[in-house]
Every structure is written in C-alpha cells, then in structure tokens.
C-alpha cells in the first residue's frame, strides 16, 4: 500500500509539472496588462439620467416592452426582432432590417449599459435616447411618437407596470410617455451583461499567481493574448474589462455605401446628436446634478471624425458575426486578416494612425483567433419574464 501511494504521488507530481509547462513565461508588465481586462463581471451600472435605471420595476417593464410587437406601426416588429437573445442580442445579418442607418449591421446589446456613446456613430448620448430612434424610424418600427403612449394607457398590464416603475399613471403627454418607454427599455438593456469566459479564469489565475490554474488556458490562446497586448497593440482600442474604449476610430473600411452615398460615421452622428431634443442637454435628463451631460456639452465635431465608427467590445465576439459596422467582413478569421493586411491608403486619420498592417504569419493569425474565441461562452436560454402585475 505504501508503494502504491508513493507511486500515485509521483504520478500526480509529474502531471502537475506537465500542466505547469503549459504556461508560457509572462513578464510583470504583461501580467499587469492582462489584469487590466478584468475583473469580470463589473459592478451593476446605473444611469443617473434615467430615473428607473437599476430599478426592478423599471427593468421588468422594459423587458415586456422590449418584446412587444405592438410598439411598431404594423404590429410585426419588436426590439427583440433584431436584438434576439438566442443570437447574442443581434440578428446575425450583415445589414440591419430595412437598410437602417446607411446599411449598418445590428450591434449586439451585450454590456451596452456600460457605454457612454450609442449607435455606430454615437448619435445617442444615453441608452434611453438611443432606444427612441428605432421606435420612430420609418425604416424600422415606425411606431410614431403617440404609439407607445397609447399602448401604455390602453393596456392594463402595461399601465400597472408603468405605475410601479414611475410612481404615477400614464398621463396625456405623448412625448413624455415615449421617453419613459425608452427609459424602461434602457433599464432592461443595461442588465444584459455577458457571462464569464475561460479568459476570465485565466486572467484571475495569472494575476493571483496561480500557475496550475492558469496553465489550463490553451497555449494557442496564450500566444494570441501575448500578440493582442504586445506587438499587435490590439488593446490600444480594445482595452479594459469590456475590451473597448467605447470611442471611435477609422479602421480602413470603405465608407462609400453606394454610388453617390457616403456613411460619414461619427461626423454625421455628432450632428444628429446636437440636433436631438432627447440628448442629455435637454429637458428629459433626470440627473439633477447635470454631471451626466458634461461629455455631451464638451464634445466637438471635427473633420477627423469623418468615417470613424464606435469600437465594439470583444466579449462574445466569436458568436457575433458578420463584423465591422457594415457587416462587410464575414468571419473572425477574416477580421484578423483585414488588420494584418489593411491598406494605409484607406486610413484618413490625421497624424499617426492607430491602425497599421500587422503582417501576421499564418500561425500568428490562428493564435490571435484562438485567443479571441476564449472571450466567448455558451449562454443558457433566457427564461420568460414574470407578469408585470400578477
């Protein structure tokens, strides 16, 4: 028995050594850089410009409205038509339905509550303001400003849910009820936080100095992560726990939509933001301090914003194609190829461009894709929302 126990101990020690050998050497600077991409998940977010943000009653009302076809003009489209839970809160299409917003694709709603600019061009400065646009857009839900108000006043369950969330009955001001509908929708969307992944386990183990646990992370993913934070400099834009700056950049994707029509990106978005009666400088901002409007007040529209689009977060990225703002890149492998071979002539930013051709080898490209896929995980089916007023 003693010999058997000794043999098992030796075998276990050998297995541990083998596992430890699967961990690459990580410098202190690299560990610090990896550590900046967590921890995950972050604390819940609350939007001070939205008085029902973070409130259970507002979240529940928003979930019911999110799935309600009656908000559209023809009764055939809800928010969930394009932002499907089973498709990682997008639709899997290269172009959004109705050629919305100059042939852009439907972005995922994962982690959308942590952003400070919304839409591919940043035309929304709050999640609730961004949620108003598809309700009114004739190419999308085409409900008109009175439709949400009529629905809230006429449906007993929604009226009850509205009372619980906002502390009053739906009134006669249609525009106010439109905004309140959007605020409930935003309260729900802000709860859509992507789950932890194998990257998060590796990150936590590496930061904690747990070599055996960190060694469970695939070698190809480790090599890809070293590229991501190292020579490829992907984390200059895809930084932090959400793997995005939330800001805008030109990545060499052509901005011509069709002959004679151009998608100006951030440049046009800032113009629409300034003209919107629902921006944070307007009367519907619930923040008594006014601090939430500071970014909107000081942002300046510049010619360098032409053709810039919001940097997307990379969590669940392998499950969210097609890619780029216009859905022009079909696979994750093609995305990496784009950045490996991007033409400097397509970059029109002033000064030194952040994006440059990476000239990756076939093996490096595969490693980078392997890392990116560790930011994905399966998500269990979402249960049905409970009744608003049982």
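The values are calculated or read from the model by the stated rules, or taken from the named source; none is laboratory data. Keep in mind that what you see is a predicted model, and the values were worked out from it rather than measured. Heads up, the Cβs are rebuilt from the backbone with ideal geometry, glycines too, and the neighbour counts pull from every protein chain shown.
Only residues that are outside any helix (DSSP H, G or I), crowded, with 18+ Cβ neighbours inside 10 Å and touching a residue at least 40 places away in the same chain (Cβ under 8 Å) were counted across the range 167-191, and they come to 1. Cβ separations smaller than 9 Å between residues 6+ apart or across chains give the following pairs from the range 371-390 residues that are within 30 Å of residue 157 (Cα to Cα) to residues that are at pLDDT 95 or above and part of a loop (DSSP other than H, G, I, E, B): 379/88; 379/194; 379/195; 379/316; 380/195; 385/67. For residue 83, the conditions (1) within 26 Å of residue 254 (Cβ to Cβ); (2) touching a strand residue (DSSP E or B) at 6+ places or on another chain (Cβ under 7 Å); (3) modelled with pLDDT of 95 or more are fulfilled apart from (1). Please work out if residue 62 is in a helix (DSSP H, G or I) and under 14 Å from residue 127 (Cβ atoms). Taking the combined requirement at face value, the residue satisfies it. Which one is modelled with the lowest pLDDT, of the residues in the range 1-55 that are more than 30 Å from residue 190 (Cα to Cα) and in a loop (DSSP other than H, G, I, E, B)? So the residue we want is 1. Do we find that residue 231 is loosely packed, with under 15 Cβ neighbours inside 10 Å, out of contact with any strand residue (DSSP E or B) (no Cβ under 7 Å at 6 or more places or on another chain) and in the same structural domain as residue 32 (by TED's automatic domain parsing) in this structure? Taking the combined requirement at face value, the residue satisfies it.
Could you tell me which residue of the range 131-144 is surrounded by the fewest Cβ atoms within 10 Å (Cβ to Cβ), considering only residues that are in contact with a strand residue (DSSP E or B) (Cβ under 9 Å, 6 or more places away or on another chain) and in contact (Cβ under 8 Å) with a residue 24 or more places away in the chain? Applying the filter and picking the extreme gives 132. Just to verify a result, which residue in the range 95-105, among those that are in a loop (DSSP other than H, G, I, E, B) and buried (at least 20 other Cβ atoms within 10 Å of the Cβ), is modelled with the highest pLDDT? Checked the range 95-105; the qualifying residue modelled with the highest pLDDT is 105.
Restricting attention to the range 251-272, and to residues there that are touching a helix residue (DSSP H, G or I) at 6+ places or on another chain (Cβ under 7 Å) and in a helix (DSSP H, G or I), which single residue is nearest to residue 328 (Cα to Cα)? Going through the qualifying residues, I end up with 266. At least 2 residues being surrounded by 15 or more Cβ atoms within 10 Å (Cβ to Cβ) is the threshold, and among the helices (runs of 4 or more DSSP H) wholly inside the range 275-390 those reaching it are 332-341, 362-373.
Those residues that are in contact with a helix residue (DSSP H, G or I) (Cβ under 8 Å, 6 or more places away or on another chain) and in a helix (DSSP H, G or I), I need them from the range 205-221; list them, please. If the condition is that a residue be in contact with a helix residue (DSSP H, G or I) (Cβ under 8 Å, 6 or more places away or on another chain) and in a helix (DSSP H, G or I), then 205, 206, 207, 211, 212, 213, 214, 220, 221 are the ones that fit. Considering the range 106-166, the qualifying helices (runs of 4 or more DSSP H), each wholly inside and each with 1 or more residues that are within 25 Å of residue 292 (Cα to Cα) and in contact with a helix residue (DSSP H, G or I) (Cβ under 6 Å, 6 or more places away or on another chain), run over 127-136, 156-166.
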